[in-house]
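The values are calculated or read from the model by the stated rules, or taken from the named source; none is laboratory data. All of these numbers come straight from a predicted model, not from anything done at the bench. FYI the Cβ positions are ideal-geometry reconstructions off the backbone, even for glycines, and counts take in every protein chain you see. Each accessible area value is taken on the protein alone, full model and side chains, heavy atoms only, with ligands, DNA and RNA left out. Shrake-Rupley method; radii C 1.70, N 1.55, O 1.52, S 1.80 Å.
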Amino acid sequence: MELGIAQGYEDGSFRPERSVSRAELAVLLSRAMKLPESGSPSAFKDASSIPAWARGAVAGAASSGWIGGYEDGSFRPDRPISRAELAVIAAKAAGLKTVAGEKPSYLDLAGIPVWARPSVAALQQAGLMGGVGGSLFAPAEPVSRAQAAALLVKLAAQQAA
C-alpha cells in the first residue's frame with residue numbers, strides 16, 4: 001500500500017539509512033497525518049533558512065503544537081533529528097497521553113533526556129516506536145529514513161483507525 005509519505009530521490013532511490021533532517025521530518029509527518037500546510041510564515045528566528053519545499057509543513061506542524069524550536073527560538077531545519085526529539089514529536093502527533101516522571105524500560109534510560117522520557121514511554125507502551133538492538137533506545141542517534149517511515153506508517157494507520 002503506497003501512502004505517499006516518503007518519496008525517493010531524483011534517481012529513484014529511497015536511501016533508508018540516510019538521516020532525516022528536522023525540515024524533512026516536518027514534511028513527512030504532515031503527509032502521514034494529512035496535516036494541511038500553513039500559509040503563515042514560521043515564527044522561528046531562522047525561518048529564512050527553512051527550505052521553500054518545507055516551509056508550509058514546518059509552519060503547520062509548529063502551529064499544531066507537534067514540533068517546536070530550540071530555546072534560542074531557532075528551528076535548525078538542516079539538523080538531523082534525534083530519536084529523543086522524534087519521540088516527543090510523534091507522541092504529540094499521535095495524541096498520546098504522557099505522564100510526567102514516567103520512564104521507558106530501556107537499558108540506556110540514563111541517556112534518555114528527562115524531557116523525552118514520558119514520550120518514549122508512551123510510544124513504547126503503544127507499540128509505535130521500539131528500541132534499537134532490542135533493549136536500547138539510543139536517544140541521541142539520528143533517525144534514519146527507514147526508522148521515520150516505519151513510525152509514520154504506524155501513526156497514519158492509527159489515525160485512520
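Residue 60: at pLDDT 90 or above, assigned to a helix (DSSP H, G or I), surrounded by 15 or more Cβ atoms within 10 Å (Cβ to Cβ) and touching a Gly at 6+ places or on another chain (Cβ under 8 Å), yes or no? In short, no.
So which residues in the range 31-57 are in a helix (DSSP H, G or I), under 25 Å from residue 155 (Cα atoms) and open to solvent by less than 40 Å² (accessible area, probe 1.4 Å)?
We begin by selecting, within the range 31-57, every residue in a helix (DSSP H, G or I); these are 31-32, 47-49, 52-57.
Then drop every residue that is not under 25 Å from residue 155 (Cα atoms), which leaves 31-32, 53-57.
Result: 32, 54, 56, 57.
For residue 159, the conditions (1) assigned to a helix (DSSP H, G or I); (2) open to solvent by less than 60 Å² (accessible area, probe 1.4 Å); (3) over 23 Å from residue 42 (Cβ atoms); (4) in contact (Cβ under 8 Å) with a residue 40 or more places away in the chain are fulfilled apart from (2).
Answer with yes or no whether residue 77 is surrounded by 13 or more Cβ atoms within 10 Å (Cβ to Cβ) and at pLDDT 90 or above. Break it down stepwise before answering.
Details: surrounded by 13 or more Cβ atoms within 10 Å (Cβ to Cβ): yes; at pLDDT 90 or above: yes.
In short, yes.
Just a yes or no: is a residue in the range 64-73 open to solvent by 30 Å² or more (accessible area, probe 1.4 Å), in a loop (DSSP other than H, G, I, E, B) and in contact (Cβ under 8 Å) with a residue 40 or more places away in the chain? Within the range 64-73, none of the residues are open to solvent by 30 Å² or more (accessible area, probe 1.4 Å), in a loop (DSSP other than H, G, I, E, B) and in contact (Cβ under 8 Å) with a residue 40 or more places away in the chain.
Quick check: is even one residue across the range 106-128 assigned to a loop (DSSP other than H, G, I, E, B), of a type in the set (Asp, Glu) and surrounded by 15 or more Cβ atoms within 10 Å (Cβ to Cβ)? Yes, because at least one residue in the range 106-128 is assigned to a loop (DSSP other than H, G, I, E, B), of a type in the set (Asp, Glu) and surrounded by 15 or more Cβ atoms within 10 Å (Cβ to Cβ).
Here residue 101 meets the list (1) within 25 Å of residue 16 (Cβ to Cβ); (2) modelled with pLDDT under 95 almost entirely, failing just condition (1). Pairing each residue of the range 125-142 that is under 16 Å from residue 103 (Cβ atoms) with any residue that is part of a loop (DSSP other than H, G, I, E, B) and among the charged types (D, E, K, R), provided the two are 6+ apart or on different chains, yields C-beta distances under 6 Å for 136/108; 137/108.
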